[in-house]
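Just so it is clear, none of the values below were taken in a lab; they were calculated from the coordinates. On a predicted model such as this, the values are computed, not experimentally measured, just so you know. Every residue, glycine among them, receives a Cβ derived from its backbone with ideal geometry; neighbour counts consider all protein chains shown.
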Amino acid sequence: MEKKKVMIVDDEEDFLKITKINLEKTGRYEVRTMLDAADIVSEVKLFLPDIILLDILMPKMDGVEVCKLLKNDSAAGNIPIVTLSGLDTDKDRQIMHKLGVVDFLAKPMEKDELIAKIEEVLQRK
Amino acid sequence: MVKSLKKTKTSRRGSRKNIPGCKKTRKKLGRVLQDKINLRQAIKNAVEDNRKIKEELGNSLKRLKEVQAQLIHAEKMEAVGRMASGVAHEVKNPLGIILQCINYLEEELPPEQKDNHQMLEMMKNSAKRADKIVRTLLSFSRAEELKAQEQDINAVIESSIGMVQDKLKFNSVEIIYQLAESLPKLLVDRDKIEQVFINLFNNAADAMPKGGKLYVRSYLTELKTPKDKIGNRGNDIFKLGENAVIVEVEDTGEGIKEDNLNKIFDPFFTTKKRMEGTGLGLWVVKSIIEMHKSLINVESKSGQGTKFTVIFKISDEMRS
């Protein structure tokens, strides 16, 4: 079975490490992590992920800016984005939904919740 | 002999009348006496006025202290809200890492290491408990998220009971419904009001671990007696003569100690065991009720039971 490509963008290094380990351990995903979203568009073009998991509050470039950049790019614009955030209010969701985010997952989440969400979004594609 | 004596007295009196200046002196004396009476009355009036002023001053001071306490409380709540939003992101990230690390270890540990699995389970429960506290603080720090729609309050009560029925049954609690029919619909956020009732019913169940009775009442009433936030003062929520829907949740449990009664709505105040309560349940209840421009009161007697009374707004003010 072909592995699905997952890209995770988050400013928490340990979160990236453990999420990558847990997802890759299933044997179903190939994971690329980014601690800084500055080069997101070029990285996406190189890796061509099936799904992007994106944090909202990041110091250099936040989730809103990242979404705008990706959605304005013809190659990256159609990749589904799921936000992972500690601040998961209706208002945050509305803003991100308008920017083309397909789903949301509130932190903290367990591995099984994350996998269930990834599968749900990939099936919708 | 007697006759002659009387005559002598009369003649003496008569002679006094004729003393020059005596009439004048008597008049003067009368005036002095009247002045004395008037003065006494004036002093009496002044004392009474003074008593009234003192009473009014005492009432004003009491009211001032109440308003001051309300202001401090409101500021405290606002500060909790601000703090909650600020720390949420910082706390939720490490919690996410902890949970996923636990998930990893659960799979790596051989199943026969039962003690270690138990440790992981405890760690997971604690992480989730911390998350629950942050979520609760976050949820109720934002008044603008109220999604109010017209609701039948009895239906909201019944659906809330359904969610805690197992716990009430387990504790052998008998539920006695006294719900009035044809109550006016209330403009409320159903999910949040359900949360209010669930928290109140849960607390009632906790207060009656060996069984008891839970009375759930709803009725329409006209507010006639001035109380805290009910009256014709500027900051009163309800005016005298206003109609309101009342919901009472009364248990026959262990009651709340008098010293704790004024603290029960404060965040992080709990009398439950450490892992059983976050101390946010009743704070959430009060915050939700205040978001609905309504009131909640509590009466309790240690060893006899507790009664929570929610006074719901039914006027158009909720629509503003």
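Between the C-alpha center of the range B:150-184 and that of the range A:60-109 there is a gap of 40 Å. Round to a whole angstrom and tell me the spacing of the C-alpha centers of the range A:1-54 and the range B:228-253. Rounded to whole Å, the Cα centres lie 55 Å apart.
For the range A:97-125, the residues whose amide N sits under 12 Å from a probe point set 7 Å from the Cα of A:K71 along the beta carbon direction are A:97-103.
If you take all C-alpha pairs in the protein assembly as shown, what percent of them are over 33 Å apart? When every Cα pair of the protein assembly as shown is considered, 57 percent fall beyond 33 Å.
Hey, what does the equivalent ellipsoid look like for chain B, semi-axes from the Cα gyration tensor as sqrt of 5 times each eigenvalue, largest first, whole Å? Numbers along the way, then the final one.
Working: eigenvalues 1003, 108, 94 Å².
Ellipsoid half-lengths, sorted descending, are 71, 23, 22 Å.
Between B:K169, B:K263, B:K27, the residue with the greatest mean-square fluctuation in the GNM of chain B (Cα pairs under 10 Å linked by springs) is B:K27.
Global size of the range B:40-185: 27.7, 98 Å for Rg and Dmax (C-alpha atoms, Rg to one decimal, Dmax whole). When restricted to Cα atoms, the range A:4-117 yields an Rg and a Dmax of 12.9, 36 Å, respectively.
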